[in-house]
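A short worksheet on the structure shown next.
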Amino acid sequence: MRDLRITEIFYSLQGEARTVGWPTVFVRLTGCPLRCRYCDTTYAFHGGERLSVEGVLEKVSDYSPRFVTVTGGEPLAQPAVLPLLRGLCDRGYEVSLETSGALATHDVDPRVAVVLDLKTPGSGESARNAYANIERLRAIDQVKFVITNADDYEWSRGIVEKYDLASRCDVLFSPVHDGLAPRDLADWILRDRLPVRFQIQLHKVLWGDVRGR
């Protein structure tokens, strides 16, 4: 089946990861098998509009973008996301996939930059992490940790060291929005001289916690 359930397709600034600040088209797929405590896209759990892969590609092309991010929900929960990713790459876009890390990434088109969101204990879903995905990480990929407190930070630091993540790809540490004070996380990173990139969700700084931004 080449149909997808889509929550929204919108044009905004990339708020995080390596292409932060760049105008980007976001394709948000509907549905997610996880229920993170701090999830900010619960509206994407249900509903959405059913579109063909070709229909999504047509909507994306209306923006004439350079960058396209496929996100969710959990995009890999829908099998038709794989031909969508291939189709986006075939059209010359720079494509990233934001995935929870709970589902296998081995069938993702190698031209796609995978942003792997390893779930911290504070998410309530750390038991769902599929650590086999780490072996598939490449230099174009990124690993993200959303950190809720000091315990999450220590856990994340341990995972970075255990798997030598910084030698594989960029590692991103983010404070949970309206939770952990960003300054605290920044201080911990500097104190421990961690080889990670601190980031704040730019789109929330600019527009707040609203849809379509």
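Only one entry in ALA127, ALA80, ALA104 is at pLDDT 95 or above and in contact with a strand residue (DSSP E or B) (Cβ under 9 Å, 6 or more places away or on another chain), namely ALA80.
In this structure, is ASP178 modelled with pLDDT under 95, of a type outside the set (Gly, Ala, Ser) and more than 13 Å from VAL115 (Cβ to Cβ)? Spelling it out, ASP178 is indeed modelled with pLDDT under 95, of a type outside the set (Gly, Ala, Ser) and more than 13 Å from VAL115 (Cβ to Cβ).
Per this entry, ILE200 is not counted among residues that are open to solvent by 20 Å² or more (accessible area, probe 1.4 Å), of a type in the set (Val, Ile, Thr) and closer than 26 Å to CYS89 by Cα.
Within segment 142-153, being open to solvent by less than 10 Å² (accessible area, probe 1.4 Å), of a type outside the set (D, E, K, R) and more than 24 Å from THR19 (Cβ to Cβ) holds for one residue alone: TYR153. The single condition from (1) over 14 Å from GLY101 (Cα atoms); (2) touching a residue at least 40 places away in the same chain (Cβ under 8 Å) that ASP152 fails is (2). How about segment 196-210: which of its residues are under 16 Å from the mean Cα position of the chain (by Cα) and not in a helix (DSSP H, G or I)? Selection gives ARG197, PHE198, GLN199, ILE200, GLN201.
Of everything listed in (1) within 23 Å of LEU103 (Cβ to Cβ); (2) open to solvent by 40 Å² or more (accessible area, probe 1.4 Å); (3) outside any helix (DSSP H, G or I), the single unmet condition for ALA132 is (3).
Got a sec? Which of SER156, SER174 is outside any strand (DSSP E or B), among the hydroxyl-bearing types (Ser, Thr, Tyr), open to solvent by less than 20 Å² (accessible area, probe 1.4 Å) and closer than 25 Å to LYS204 by Cβ? Please lay out each step first, then the result.
Working: SER174 fails: outside any strand (DSSP E or B).
The conditions single out SER156.
Here GLN78 meets each of (1) among the polar types (S, T, N, Q); (2) in contact with a Leu (Cβ under 7 Å, 6 or more places away or on another chain); (3) farther than 23 Å from ASP141 by Cα with one exception, condition (3). Taking segment 28-127 and the strands (runs of 3 or more DSSP E) fully enclosed by it, the elements with 1 or more residues that are in contact (Cβ under 8 Å) with a residue 60 or more places away in the chain, polar (S, T, N, Q) and surrounded by 20 or more Cβ atoms within 10 Å (Cβ to Cβ) are at 94-99.
As a summary of the residue check, ALA139 satisfies the conditions (1) open to solvent by 50 Å² or more (accessible area, probe 1.4 Å); (2) more than 25 Å from VAL68 (Cα to Cα); (3) among the small types (Gly, Ala, Ser) except for the one numbered (2). The set of residues in segment 1-27 being farther than 16 Å from VAL205 by Cα and either part of a loop (DSSP other than H, G, I, E, B) or free of Cβ contacts under 8 Å to residues at least 40 places away in the same chain (or both) consists of MET1, ARG2, ARG18, THR19.
The values are calculated or read from the model by the stated rules, or taken from the named source; none is laboratory data. Here the structure is a predicted model, which is why all the values come from computation and not from measurement. No Cβ is skipped: glycine too gets one built from the backbone with ideal geometry, and neighbour counts run over all protein chains shown. Keep in mind that these areas ignore ligands, DNA and RNA; they rest on the heavy atoms of the full protein, side chains included. Shrake-Rupley method; radii C 1.70, N 1.55, O 1.52, S 1.80 Å.
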